[in-house]
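Worksheet: the structure to be examined is printed underneath.
Read the figures in this text as sums done on the coordinates, not as results from a lab. All of these numbers come straight from a predicted model, not from anything done at the bench. Quick reminder, even Gly has a Cβ in these numbers, built from the backbone with ideal geometry, and neighbours come from all protein chains shown.
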Amino acid sequence: MAEIIRAGLIQQQWTGDKESMIRASADAIGRAASAGAQVVCLQELFYGPYFCQVQDADYYSYTEAIPGGPTTDLMCELARQHSVVLVVPMYEEEHPGLYYNTAAVIDADGTYLGKYRKTHLPQVKGFWEKFYFRPGNLGYPVFDTAVGRIGVYICYDRHFPEGWRALGLAGARIVFNPSATSRGLSQYLWRLEQPAAAVANEYFIGAINRVGVEPLGDNEFYGQTYFVDPRGQLVGEAASDTDDDVIVRDLDMDQLAEVRDLWQFYRDRRPDQYGSLVQP
């Protein structure tokens with residue numbers, strides 16, 4: 001019998017305040033779980049606007065401890081209530097003045113498993129991330145969950161192939177890439193990079209994006225959230241490019257063995273030849 005993981009992705013518009021955004025996300029998680037989702041991922045910095053469009057220290061107030069903060073505690077309860085694995089991107093405070101762009105991973109019984117901190121940070125107009133975050137320092141963890149081994153990469157990370165590969169070498173079967181990416185220079189890459197990474201690393205990827213125009217800037221987030229399989233093919237249609245959406249897709253995990261037996265990328269790697277790639 002085929003191993004099928006039913007997985008969900010949630011894209012949303014900014015509601016205008018943190019509390020209502022969390023309520024909307026909790027409702028969307030419930031709808032995904034009602035559709036049978038066993039694992040669900042929210043968008044980057046899910047409970048706030050994408051405040052990196054401006055440089056304003058007032059937004060430091062959006063930070064929370066992970067774990068131990070109120071939103072992580074709530075999400076642990078929702079995971080337990082719905083028996084669903086959750087990937088929850090938030091703004092983390094490790095210590096006062098020390099902040100990260102982070103995703104918490106919570107198992108289907110409500111157990112907090114750990115976190116990934118965004119490694120690569122842009123610093124260009126409309127994406128002033130180094131004003132808000134320290135670069136991640138936890139490497140590329142893979143989490144053993146009720147749906148198997150999953151990994152997380154966040155938004156701008158997707159432009160860097162090294163982390164995708166590290167997650168594959170660590171045994172990830174599904175990698176989630178929660179994002180806040182807007183129309184413009186890199187939009188065409190949205191349908192290019194994640195499918196290419198799924199093929200190169202032979203796993204499923206869930207790519208999540210926000211939608212709408214937020215009041216902090218003129219960036220228009222274009223949604224188009226999707227799952228892609230290890231052959232580089234979308235699993236079902238991508239989500240709307242303008243509206244909130246919850247997509248739930250069946251991922252046939254038997255494809256992993258089929259593709260890895262056909263395309264022997266892991267066997268044919270030459271790490272002995274790659275030393276210069278990690279020199280500064």
Residue count, segment 261-276, condition touching a residue at least 24 places away in the same chain (Cβ under 8 Å) and either within 13 Å of L169 (Cα to Cα) or touching a strand residue (DSSP E or B) at 6+ places or on another chain (Cβ under 6 Å) (or both), comes to 2
Any idea which residue in segment 153-205 is farthest from the chain's Cα centre (by Cα), counting only those that are part of a strand (DSSP E or B) and of a type in the set (F, W, Y)?
-> F204
Taking segment 79-103, which residues are at negative phi and in a loop (DSSP other than H, G, I, E, B)?
-> V84, P96
Take the residues of segment 49-76 that are among the acidic types (D, E) and within 20 Å of the chain's Cα centre (by Cα): which is nearest to N209 (Cα to Cα)?
-> E64
Just for segment 167-220: of the residues that are under 18 Å from G148 (Cα atoms) and of a type in the set (S, T, N, Q), which one is surrounded by the fewest Cβ atoms within 10 Å (Cβ to Cβ)?
-> N201
D58 passes all but one of (1) free of Cβ contacts under 8 Å to residues at least 40 places away in the same chain; (2) in a loop (DSSP other than H, G, I, E, B); (3) under 24 Å from E220 (Cβ atoms); which number fails?
-> (2)
Considering (1) in contact with an Asp or Glu (Cβ under 9 Å, 6 or more places away or on another chain); (2) among the aromatic types (F, W, Y); (3) touching a residue at least 60 places away in the same chain (Cβ under 8 Å); (4) within 18 Å of I66 (Cβ to Cβ), say which one F176 fails and leave the rest.
-> (1)
Test result for P49, of a type outside the set (F, W, Y), more than 26 Å from Q224 (Cβ to Cβ) and either surrounded by 23 or more Cβ atoms within 10 Å (Cβ to Cβ) or out of contact with any helix residue (DSSP H, G or I) (no Cβ under 8 Å at 6 or more places or on another chain) (or both) = no
Residues of segment 258-280 classified as of a type in the set (G, A, S) and surrounded by 12 or more Cβ atoms within 10 Å (Cβ to Cβ), total = 0
